[in-house]
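The values are calculated or read from the model by the stated rules, or taken from the named source; none is laboratory data. Please read all numbers here as calculations on a predicted model, not as lab measurements. Heads up, the Cβs are rebuilt from the backbone with ideal geometry, glycines too, and the neighbour counts pull from every protein chain shown.
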Amino acid sequence: MLRFLVRRLLGALAVLLAVSFFTFVMLELAPGDAADTLVGETASAEQMAAIRSSMGLDLPLLVRYSNFLTAAVFEGDLGRSVISGRSVGTLVAERFKYTFVLAVTAMSVAVAVGGLAGAVAAARPRGWFDLLVMGFMTLGQALPTFWIALLMILVFGLHLRWLPVLGAGTPQHLILPTVALALPAAAVVARLVRASLLDVKGADYVRTARAKGLGPVTVWGRHLLPNSLMPVITLIGLYLGQMLGGAFVIETIFGWPGLGRLLVQAVFDRDLPVVLGAVLLIAVIVVFLNVLVDVVHALLDPRIGHEAV
């Protein structure tokens, strides 16, 4: 198990190094740089050259990447925002807490609703409730997230005036973005839970348990649910990473001051240090969640850890 964990961590470090280098190079190849954003088009060539020299932008690409990586790893310094002059790490940390609350709340709702719906549907497959639930979940999966968000704003915010639609001042501000973000994930969770349970229900060990006279609660609690969790855990890890790193559409629509909204604004402002810092944090989160899912799989099924060694 220890060797399995070490190999996963080394692989994660390699992925993060590749992501950081690729992102750094892509931002360097983009038109303009931090000096252009800072002084605009009115500065003379001499002034631009002096500013680029003071910011280290005249150094070779690999030297600048090495300096950035050294400062980020050993000093925790991701640079400073060109627009506000604040530390990128501070900006990203302030915004990430909002994204974390939104993503974890939405994922919890999705798992609770989708898991319950999928389990009930699997208990009586091809019944009326199964068809109703799966039809509703398919619809929720098919509808675009931004369309769901706009529809909820129109109905619950503007027409009924039950809930606020912009900002993050109160717990009520969390309801609409949470539901809009959770509905597609709940649909996928429900369909996967149903399929996984139906697959496990036909296994030999389940039929043997029933033949021994075990009750439905025991069969479900000891055999069905534990052995159908692995694909669901994988899905939760992937979706949670997607929500933490890709909720910028929902955050922009609802004015939620999260990391995604910061990233979008930084792109429009050409604030490249903030873009780089936000992308790296998202990469760290996604890679960490993938490693965590692998470790949980190995704990649930020790054969995975032995096979990977």
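Figures for the structure shown
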| quantity | calculated |
| --- | --- |
| Selected residue [under 28 Å from residue 270 (Cα atoms), modelled with pLDDT under 85 and under 22 Å from the mean Cα position of the chain (by Cα)] from 91, 166, 143 | 166 |
| Cβ pairs under 8 Å, 6+ apart, first in segment 67-81 and part of a loop (DSSP other than H, G, I, E, B), second surrounded by 12 or more Cβ atoms within 10 Å (Cβ to Cβ) and β-branched (Val, Ile, Thr) | 78/88; 78/92; 79/88; 81/88; 81/274 |
| Residue match in segment 111-134 (condition: hydrophobic (A, V, I, L, M, F, W, C), under 20 Å from residue 258 (Cα atoms), surrounded by 12 or more Cβ atoms within 10 Å (Cβ to Cβ) and within 21 Å of the chain's Cα centre (by Cα)) | no |
| Residues of segment 1-50 classified as surrounded by 13 or more Cβ atoms within 10 Å (Cβ to Cβ), over 16 Å from residue 61 (Cα atoms), modelled with pLDDT under 70 and among the charged types (D, E, K, R), total | 1 |
| Selection count where residues are free of Cβ contacts under 8 Å to residues at least 12 places away in the same chain and assigned to a helix (DSSP H, G or I), scope segment 140-186 | 9 |
| Residue within segment 123-133 that is within 30 Å of residue 21 (Cα to Cα), among the hydrophobic types (A, V, I, L, M, F, W, C), modelled with pLDDT of 80 or more and not in a loop (DSSP other than H, G, I, E, B) present | no |
| Extreme residue, surrounded by the most Cβ atoms within 10 Å (Cβ to Cβ), among residues of segment 82-94 that are touching a residue at least 24 places away in the same chain (Cβ under 8 Å) and not in a loop (DSSP other than H, G, I, E, B) | 88 |
| Residues of segment 227-272 satisfying the condition of being aromatic (Phe, Trp, Tyr) and buried (at least 16 other Cβ atoms within 10 Å of the Cβ) | 239, 248, 254, 256 |
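Yes/no matrix, rows are residues, columns are (1) of a type in the set (A, V, I, L, M, F, W, C); (2) in a helix (DSSP H, G or I); (3) at pLDDT 75 or above:
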site	(1), (2), (3)
280	yes, yes, yes
288	yes, yes, yes
293	yes, yes, yes
299	yes, yes, no
303	no, yes, no
307	no, yes, no
